[in-house]
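Written below as structure tokens is the structure these notes are about.
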Amino acid sequence: ASEAEEKDLVIIGGGVAGYVAAIKAGQSGLKVACIEKRGALGGTCLNVGCIPSKSLLNNSHLYHQILHDTKNRGIEVGDVKLNLAAMMKAKDTSVSGLTKGIEFLFKKNNVEYIKGTGAFKDEHTVAVNLIEGGGETTVRGKNILIATGSEATPFPGLTIDEKKVITSTGAIALQEVPKKMTVIGGGIIGLEMASVWSRLGSEVTVVEYLGQIGGPGMDKDVAKQAQKLLQKQGMKFKLNTKVVSGDADGEGVKVTVEAAKGGKEETLDADVCLVAIGRRPYTNGLGLENIGLEVDERGRLIIDQEYRTKIPHIRAIGDVTFGPMLAHKAEEESVAVIEYITKGYGHVNYGAIPSVMYTHPEVAWVGQNEQELTAANVKYNVGQFPFSANSRAKTNLDTEGFVKMISDAETDRILGIHIIGPNAGEMIAEGVLALEYGASSEDVARTSHAHPTLSEAFKEAAMATYDKAVHY
Ligand code: FAD
Ligand code: NAD
């Protein structure tokens, strides 16, 4: 970067939030630079999050299916062996292909990529400690966007070494299958990673503080069903249980737990302990103190509706600020923030951001769940349709789960959609669209869905919301 030149926009962080904003800025004709310290673009999501975890989820599922679910399909296989190193290599290949793809898109859209760690010098100047050559440069911006993301929240008393005591970053890179694994936290990371290692042969116990798995956003009926199915696959759960302490000094890791409300302690022994109790915004070393920016009690940068901090030309999006820590949420904000900068208006519908858990079966939802609506005293109708009554799911011998639709009792407007079942993550897109357009359950029910597809279960759940399903 040349010190003299002032950019229209300087972005700190090249994760999903930062890189998408950089491309959009380039496309909008802004002079833009993006600073990333990791040595690769794509942030948590591409390097150690969404992408590598989905590679392992996909391939561990295939392995598990070949072991346990082929005979009844008329397929006889011989010796099935796991080659973990090759499975990891396949994951790395997907990751590097995608991160290099972003570098290409940067070039194509005239984004300057600065490899280094950025820190505020003043309100318009960012000092960059360069990765290559070890020198420092400064870059000035009319606008500055903070997109520095998040990091795993550590568990007090358990030092992360990413080998025995791991976060998701260690969990996507283990070199052998642990005999026993304890997972602290039954949220999305806990359950996805527990799925991978349990399928590959580990004995996994998940300890969760709340009374349900999946976090509070997951509908209670879906969470119950998910737990039942994951238990059937071999996972063990300890709900309403808190981890009191951990000890990784000896061989393996000992974790002491007790009932959330207090009670008798119990010690869980394992070879590896995954800490998956949430993520926290990351602003270390960013020099916020040099410009007087503060974070809230959870470490989030405080912003207004246009993503402005209290210094109006400095904005923040993605995991480092409010809202669900999801890649597609960050991506929506990236487009909106560039529109705010270039046009003065932008829009994200936070009521229609889908959540997906990529276990098998998948879990996906959008909008509000039953417990939230009950708490808010909203009157609603529920329509549910099981995949066991769907012709395609039956043909595929993959019938576990259901679609549950919730609509306003008075207006029939859809308020929430909750799916557990094969391909739920793809199917939820229809639900998001329905919510965006303010559809009623009858609107969906009167829309033709191809036969035989899993999406017919979606249509039938809609029918059941205001009337009756045909096939159940
Ligand atoms: P990040 O992706 O964290 O990017 C921030 C970047 O900023 C990082 O690369 C960091 O190196 C860089 N940075 C930080 N400080 C500086 C600095 N001072 N100077 C220069 N660079 C800096 N979400 C989904 O939607 N779907 C999924 O399937 C999914 N799976 C996940 C699986 C795992 C295991 C994890 C951990 C997360 C997953 N997520 C998923 C969440 C998703 O990864 C995040 O929501 C997303 O990455 C947020 O993007 P971001 O750009 O805000 O932050
Ligand atoms: P999370 O907040 O989803 O779940 C953490 C869980 O740990 C909660 O259920 C919480 O009750 C529990 N917990 C906290 N402290 C505990 C304790 N001491 N003992 C027992 N349980 C405890 O966080 P996560 O699973 O770590 O994921 C972090 C973020 O990454 C989330 O925002 C998630 O959305 C995102 N992510 C998304 C995906 C996806 O979209 N498929 C995948 C992975 C991660």
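Computed from the coordinates by the stated procedures, all read-outs in this text should not be read as laboratory data. It should be emphasised that the depicted structure is a prediction, and the values quoted were computed from it without experimental measurement. All Cβ positions, glycine included, derive from the backbone under ideal geometry; neighbour counts span all protein chains shown.
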Would you please name the GluC sites (Glu not before Pro) within the range 173-209 that are DSSP coil residues with at most 14 other C-beta atoms within 10 Å of their C-beta? 176
For the range 59-112, run through the trypsin sites (Lys or Arg not before Pro) and keep only the ones in DSSP coil with at most 16 other Cβ atoms within 10 Å of their Cβ. 81
Run the quick spin-label model on residue 137 and residue 71: label points 7 Å from Cα toward the beta carbon, then report their separation in nm to one decimal. 6.3
Just to confirm the number: angle between the C-alpha axis of helix 424-436 and the first principal axis of the chain, 0 to 90 degrees, nearest 10? 70
On Cα atoms only, tilt of 84-108 relative to the major axis of the chain in degrees: 40
Give the list, by residue number, of cysteines in the chain with no other Cys Cβ closer than 4.7 Å, or say none. 34, 273
Rg followed by Dmax, in Å, when the range 390-472 is reduced to its Cα trace: 12.0, 38
Using Cβ contacts closer than 10 Å as the measure, can you line up 387, 104 from fewest to most? 104, 387
On C-alpha positions alone, give me the angle between the axis of helix 327-343 and the longest principal axis of the chain, in degrees, nearest 10. 40
441, 94 arranged by Cβ crowding within 10 Å, fewest neighbours leading: 94, 441
Least to most buried among 193, 463, by other C-beta atoms within 10 Å and fewest first, runs 463, 193
Mind jotting down the three principal axis lengths of the range 264-422 based on Cα atoms? Whole angstrom, largest first. 60, 52, 34
Expressed in whole Å with the largest first, what are the equivalent ellipsoid semi-axes of the chain derived from the C-alpha gyration tensor as the square root of 5 times each eigenvalue? 38, 30, 22
The local net charge around residue 263, scoring Lys/Arg +1 and Asp/Glu -1 for residues other than residue 263 whose Cβ lies under 13 Å from its Cβ, equals +1
